[in-house]
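Reading through the structure tokens given below for one structure.
The values are calculated or read from the model by the stated rules, or taken from the named source; none is laboratory data. The structure displayed is predicted, hence computed values, not measured ones. A quick note on method: Cβ atoms are made from the backbone with ideal geometry, for glycine too, and the neighbour counts reach across all protein chains shown. Quick note on the areas: whole protein, heavy atoms, side chains included, nothing else; ligands and nucleic acids left out. Shrake-Rupley method; radii C 1.70, N 1.55, O 1.52, S 1.80 Å.
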Amino acid sequence: MSDEKRSLKEITPRSQDYSQWYLDVVLKADLADYGPVKGCMVIKPYGYAIWEHMQADMDRRIKETGHVNAYFPLLIPKSFLEKEKAHVQGFSPECAWVTVGGGEELPEPLAIRPTSEAMICSMYAKWVGSWRDLPVLINQWANVVRWEKVTRPFLRTTEFLWQEGHTLHETEAEAEEETLKMLQVYRSFSEQILAMPVVHGRKSESEKFAGALRTYAIEALMGDGRALQAGTSHNLGQHFSEAYGIEYLGRDQSRQKPWSTSWGSSTRLLGGMIMTHGDDSGLILPPRVAPYQVVIVPIPPRKGDVKEAVLPKCREMLEALRGAGVRAHLDDRDTQLPGWKYADWEMRGVPIRMEIGPKDIEKDQCVLVRRDTREKTFAPLPSVTGRMHELLARIQDALLERARRFLAENTTPVTTWDQFKQVMATRRGFLIAGWCRDVACEAQIKDETRATTRIMPLDREAEAGACIRCGKPSPGEVLFAQAY
Ligand SMILES: [Zn+2]
């Protein structure tokens, strides 16, 4: 084994240190690097290519549900942010401020947006005057800054990329419908594109967005038994219309305040996808977001020149795959041996490796190796291109299926506090338990076990019972977990 191959394979096993495994994969699969400012990561080309596939699909879904994109400024005057009290209280500890511009102290500090409600609602107040102007359905793709103490690439970064939707509606029912519609968009995106199953539901008062009436979220379960909030959707009620003076003349000519919503998903989804599928050899990418779905590795002949013996056939296959709409790549680096290349593309999570050597060409076949199962098969070259989409779809489905099994196996209904503590001290995961809805009781549970309420599920009938901690009445069961 060459030195290079050894260093390539050096990633910490998940069972030894899950968090170090994650960092190893992010760096060695070439997804991101640390920038000079703590918590500000550089997304490298391979990582950014994954994000671009995610973004393109999410953008399509956002537009298909009737929204349009716009762009709002990065800097928000302090006085704008302070208009909604709960909102500013929630976000001020995380805010970064610009106080000097052009060498002079500014008359008013400017916040670097931690989120854009304040900015966008201030503009909506200018734009909306009549019920005919509603609904307003605008999304923005942007970066935001939140000063985080503990950071980790993709999962929690000081600066991150996201989309934030901001909408206005005539009625509470329409706003609630919008909030739940976008929650479903996030849910189907996670499952269909990232093969990442999620639970979905409403957040408790202590976990809801600062200034919201109701917050809903999707949560995924990571390999270490911790939950990851992967997208949120908020019904903001009329709080923000009130605070930012958004008013319109209603159908009955009376002055009305619109109902607003906001919803967001970020580069955090990429971190969730890494932890949902990766293994001790590195990344495993769902085909739908893989920058390369198939990598062709030429096997040189024992004697003679690879350029003459194998490369023409490899190039022919590359063209055929690309022509069929498969994202294919030919690894024709003559500086590395095939074994090194195998390990490299395994680390980078490419769904299918296609090996072509002189003997394969004689038999008009190739070797296909699946990254998820490592299953190795021979395939006839003339028909392999035609079958590739089907194989990629099968891999995508298998990844979702495996992750669904993991989620189901690590969701535990508990009925006693001892059982709750025992599960949290061992394999964690989601715990289904009754809860009295008291914030102090929730804080007590977190202190003792690190578990917080993740969601009150929407797809389960609310069953009344007793609170797992204090025994007081619980109106319905809640999902608990230790969160990222
Ligand atoms: Zn309780």
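Mean residue ellipticity at 222 nm from the helices of the chain, using -39,500 (n - 2.57) per DSSP H segment of n ≥ 4 over the full residue count, to the nearest 500 deg cm²/dmol?
Values: 16 runs with 178 residues, N = 484.
Result for the chain, helices only: -11000 deg cm²/dmol.
Quick check: with the 1.4 Å probe, what order do Val88, Val294 take by accessible area, largest first? Please report the intermediate quantities before stating the final value.
Values: Val88 30, Val294 0 Å².
Ranked from most to least accessible, the order is Val88, Val294.
Just how large is the dipole of region 103-255 about the Cα centre, in debye to the nearest 20, putting +1 at every Lys and Arg Cβ and -1 at every Asp and Glu Cβ?
Details: 16 positive and 22 negative charges, 85 e Å.
My answer is approximately 400 debye.
Explain nothing, just the number: relative contact order of region 339-410, from Cα pairs under 8 Å at least 6 residues apart, as a whole percent. Each step should come with its number before you reach the end.
Values: 58 pairs, mean separation 14.8, N = 72.
After rounding, I find 21 percent.
For the chain, what are Rg and Dmax over the alpha carbons, in angstrom?
In order Rg, Dmax, the Cα atoms of the chain give 25.5, 87 Å.
Cα convex hull of region 318-421: mean projected area in nm², to one decimal?
On the way: hull surface 37.5 nm².
Dividing the Cα hull surface by four gives the mean projection, 9.4 nm².
Please give the per residue accessible area of region 394-477, computed with a probe of 1.4 Å over protein heavy atoms only, in Å².
Details: 4590 Å² over 84 residues.
Spelled out: the 1.4 Å probe surface of region 394-477, per residue, equals 55 Å².
Per the Cauchy relation, a quarter of the hull surface: what is the mean projected area of the convex hull of the alpha carbons in region 363-484, in nm²?
Projected over every direction and averaged, the Cα hull of region 363-484 covers 10.0 nm².
Give me the accessible area of Glu174, 1.4 Å probe, in Å² rounded to the nearest 10.
Result for Glu174: roughly 70 Å² accessible.
At a Förster distance of 35 Å, what's the computed FRET efficiency of Lys85 paired with Glu461, Cβ-Cβ distance as r, to 0.05?
Details: r = 36 Å, r/R0 = 1.04.
That pair, Lys85 with Glu461, gives E of 0.45.
With just the Cα atoms defining each centre, how far is region 463-484 from region 289-353? Give it in Å.
Here the answer is 53 Å between Cα centres.
Work the Kirkwood hydrodynamic radius out for region 191-317: mean of 1/r over every pair of different alpha-carbon atoms, inverted, in Å. Before the final figure, lay out each step's value.
Working: mean 1/r = 0.0519 Å⁻¹.
Kirkwood radius, region 191-317: 19.3 Å.
What is the ratio of the Cα radius of gyration of region 65-107 to 2.2 N^0.38 Å, where N is its residue count, to two decimals?
Working: Rg = 14.2 Å, N = 43, 2.2 N^0.38 = 9.2 Å.
In units of the globular-protein estimate, region 65-107 measures up at 1.54.
Rounded to the nearest percent, how much of the accessible area of the chain (1.4 Å probe, protein heavy atoms only) is carbon and sulfur? Present the calculation step by step, with values, prior to reporting the outcome.
Working: 10970 of 21530 Å².
Roughly 51 percent, rounded to a whole number.
Express in % the proportion of alpha carbon pairs of region 1-106 at distances exceeding 18 Å. Mind dumping the intermediate values first?
On the way: 4117 of 5565 pairs.
The answer is 74 percent, as a whole percent.
Rank Asp372, Asp33 by accessible area, highest first, at a 1.4 Å probe radius?
Values: Asp372 15, Asp33 75 Å².
Ranked from most to least accessible, the order is Asp33, Asp372.
With every atom except the alpha carbons ignored, what do you get for Rg and Dmax of region 327-366, in angstroms?
Here Rg and the maximum Cα pair distance are 11.1, 30 Å.
Could I get the Rg over Rh figure for region 125-181? Both from C-alpha atoms, Rh via Kirkwood, rounded to two places. Kindly include the intermediate steps, with their values, before the conclusion.
Details: Rg = 16.0 Å, Rh = 13.9 Å.
Value, to two decimals: 1.15.
Keeping all protein chains in place and using 1.4 angstrom, which order do Asp279, Asp331, Asp459 fall into by accessible surface area, from largest down?
Accessible-area ranking of Asp279, Asp331, Asp459, largest first: Asp459, Asp279, Asp331.
Going by Cα centres, region 135-154 and region 375-421 are how many Å apart?
With region 135-154 and region 375-421 each reduced to a Cα centre, they are spaced 30 Å.
Using the Kirkwood radius over Cα pairs, work out the Stokes-Einstein diffusion coefficient for region 271-371 at 4 °C and 1.567 mPa s, in µm²/s as a whole number.
Details: Rh = 14.1 Å.
So the translational diffusion coefficient is about 92 µm²/s.
Under a point-charge model restricted to the Cβ atoms of Lys and Arg (+1) and Asp and Glu (-1), what is the dipole moment magnitude of the chain relative to its Cα centre, in debye to the nearest 20? It would help to have the intermediate numbers written out before the result.
On the way: 64 positive and 66 negative charges, 170 e Å.
That gives the chain a dipole magnitude of about 820 debye.
How much accessible area does Met123 have with a 1.4 Å probe, in Å² rounded to the nearest 10?
Solvent-accessible area, nearest 10 Å²: 50 Å².
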